[in-house]
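Notes follow the structure.
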Amino acid sequence: MIIGTMRLGEWGSNLSTEELEKFIDACVDLGFTDFDHADIYGHYTEEGRFGRVIKRRPDLKSKIQITTKCCIKLVTPNRPEHSLKSYDSTKDHIIWSAENSIKELGVDQLDVLLIHRPDYLMNPHEIAEAFSLLKDSGKVKAFGVSNFTASQFELLHSFTPLITNQLEISLLHRNAFEDGTLDQCQRLGITPTAWSPFGGGVIFSEKSSPELQKIKKVAADIGQNLDASLDQILIAFLLKHPAGILPILGSTKIDRIRAMKNALNIELSHEDWYRLWEAAIGEEVA
Ligand SMILES: NC(=O)c1ccc[n+]([C@@H]2O[C@H](COP(=O)([O-])OP(=O)(O)OC[C@H]3O[C@@H](n4cnc5c(N)ncnc54)[C@H](OP(=O)(O)O)[C@@H]3O)[C@@H](O)[C@H]2O)c1
């Protein structure tokens, strides 16, 4: 599983450098060494926060893998040159963004660079050229995309090899099971990664909707038999899928991350998987 960094800083728990260092160390000790970033997290501050830990602890560089994303332009005082929220996947922007992420994170290279969202103006020739220059210069090892439809993925993948499509996948957000993106990953042997596996945490809210209450009830029943908690069952639901989905954990609490490790040992039966599916869609399958 992958550790998401979106909520570690300004957009969540605001961990200090010391707290973040402890968090990273604890994740590494658990064997969770993949960290998912994006240039925009914390309004372009999160990579730098992480980089301050790397600066203190350069030994971490050889122990972790870094994914980051580019191409969303947010309007924020940290980027005064942006006047409108937009996407930019031009060659110059991709190269500038990757180099900037390397600098902010304090690493020598990025393990994976993703195009964060499909740019309606994307030119696959230009993206392929940018990726090739970044790879040849040793700045980025591999490339992927996020939130791409199957046809957008097909288009770009025909110009340049992609290793993942990072999608929102959970019992609360089920499009990927039906829109061809997971089928495509299986056909091409590509590993999909799943953001917001808990719907960004709404499933844990006391005041959740009747739909969520139903999922929680069914998950609790299944969990009782398997000695597993709600979060573990939701992760086991993703892990059961034959596409080999890698969940990106969004918690900023190490105890919750630790509990997720045990989800790796939970084997849902087909019927349990479909019990959860039925609860989520509100009816039995056709
Ligand atoms: N590619 C994209 O477009 C995209 C979009 C969004 C996110 N992402 C990536 O995906 C990662 C995960 O997304 P996410 O943060 O939305 O994931 P998530 O795991 O669905 O939601 C995380 C939230 O749920 C809470 N939570 C987690 N486990 C809990 C538990 N057992 N009990 C109660 N609350 C719990 C967390 O609070 P605590 O911190 O208090 O545990 C946190 O607020 C992000 O960090 C980012 O790297 C990518």
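The values are calculated or read from the model by the stated rules, or taken from the named source; none is laboratory data. Quick caveat: nothing in here was measured; it's all calculated off a predicted structure. In this analysis, Cβ positions are derived from the backbone assuming ideal geometry, glycine residues included, and neighbour counts consider all displayed protein chains.
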Requested in this report: Read through the list (1) in contact with an Asp or Glu (Cβ under 9 Å, 6 or more places away or on another chain); (2) in a loop (DSSP other than H, G, I, E, B), then give the number of the only condition that ILE163 fails.
Outcome: (1)
**Report entry** helices (runs of 4 or more DSSP H) contained in region 1-62 and holding at least 2 residues over 17 Å from the mean Cα position of the chain (by Cα), charged (D, E, K, R) and away from the ligand (no atom under 15 Å from the Cβ)
**Finding:** 17-30, 46-56
Query raised in the report: Any residue in region 221-233 that is at negative phi, within 12 Å of the ligand (Cβ to nearest atom), in contact with a Ser or Thr (Cβ under 7 Å, 6 or more places away or on another chain) and touching a residue at least 40 places away in the same chain (Cβ under 8 Å)?
Result: no
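Among the listed residues THR76, THR67, THR45, identify the single one that is in contact (Cβ under 8 Å) with a residue 12 or more places away in the chain and in contact with a strand residue (DSSP E or B) (Cβ under 8 Å, 6 or more places away or on another chain).
On the way: THR76 fails: in contact with a strand residue (DSSP E or B) (Cβ under 8 Å, 6 or more places away or on another chain); THR45 fails: in contact with a strand residue (DSSP E or B) (Cβ under 8 Å, 6 or more places away or on another chain).
Matching residue, one of THR76, THR67, THR45: THR67.
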Query raised in the report: Among the residues of region 118-128 satisfying the criterion of being surrounded by fewer than 17 Cβ atoms within 10 Å (Cβ to Cβ) and in contact with a Phe, Trp or Tyr (Cβ under 9 Å, 6 or more places away or on another chain), which is nearest to GLU154 (Cα to Cα)?
Result: PRO124
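Taking the residues in region 89-116 that are acidic (Asp, Glu) and away from the ligand (no atom under 16 Å from the Cβ) as candidates, determine which candidate is nearest to ALA130 (Cα to Cα). Walk me through it before giving the result.
Of all residues in region 89-116, those acidic (Asp, Glu) come to 92, 99, 104, 108, 111.
Filter once more, keeping what is away from the ligand (no atom under 16 Å from the Cβ): 92, 99, 108.
Numbers: ASP92: 8, GLU99: 12, ASP108: 18 Å.
Out of the qualifying residues, it is ASP92.
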Report summary line: For region 63-81, the count of residues that are buried (at least 16 other Cβ atoms within 10 Å of the Cβ) and not in a strand (DSSP E or B) equals 2
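Out of all the residues in region 88-103, is one or more touching a Phe, Trp or Tyr at 6+ places or on another chain (Cβ under 7 Å) and touching a residue at least 12 places away in the same chain (Cβ under 8 Å)? Don't jump to the end; show me each part of the working.
We begin by selecting, within region 88-103, every residue touching a Phe, Trp or Tyr at 6+ places or on another chain (Cβ under 7 Å); these are none.
Checked region 88-103: no residue is touching a Phe, Trp or Tyr at 6+ places or on another chain (Cβ under 7 Å) and touching a residue at least 12 places away in the same chain (Cβ under 8 Å).
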Query raised in the report: If we scan region 238-253, do we find a residue that is over 29 Å from PHE143 (Cβ atoms), of a type in the set (Val, Ile, Thr) and within 16 Å of the ligand (Cβ to nearest atom)?
Result: no
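Do we have any residue at all in region 202-218 that's under 26 Å from HIS116 (Cα atoms), surrounded by fewer than 18 Cβ atoms within 10 Å (Cβ to Cβ) and modelled with pLDDT under 95?
First, the residues of region 202-218 that are under 26 Å from HIS116 (Cα atoms): 202-203.
Retained after the next criterion (residues that are surrounded by fewer than 18 Cβ atoms within 10 Å (Cβ to Cβ)): 202.
Now restrict to residues that are modelled with pLDDT under 95: 202.
Yes: region 202-218 contains one or more residues that are under 26 Å from HIS116 (Cα atoms), surrounded by fewer than 18 Cβ atoms within 10 Å (Cβ to Cβ) and modelled with pLDDT under 95.
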Query - First in region 257-268 and closer than 12 Å to GLY31 by Cα and within 13 Å of the ligand (Cβ to nearest atom), second anywhere and of a type in the set (Ser, Thr, Tyr) and assigned to a loop (DSSP other than H, G, I, E, B), Cβ under 7 Å, 6 or more apart - result: ILE257/SER251
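Restricting region 98-118 to residues that are of a type in the set (S, T, N, Q) and assigned to a helix (DSSP H, G or I), which is farthest from the chain's Cα centre (by Cα)? Before you say what the answer is, go through the steps one by one.
From region 98-118, those of a type in the set (S, T, N, Q) are 100-101, 109; that's our starting set.
Checking which are assigned to a helix (DSSP H, G or I) leaves us with 100-101.
Values: ASN100: 20, SER101: 17 Å.
Result: ASN100.
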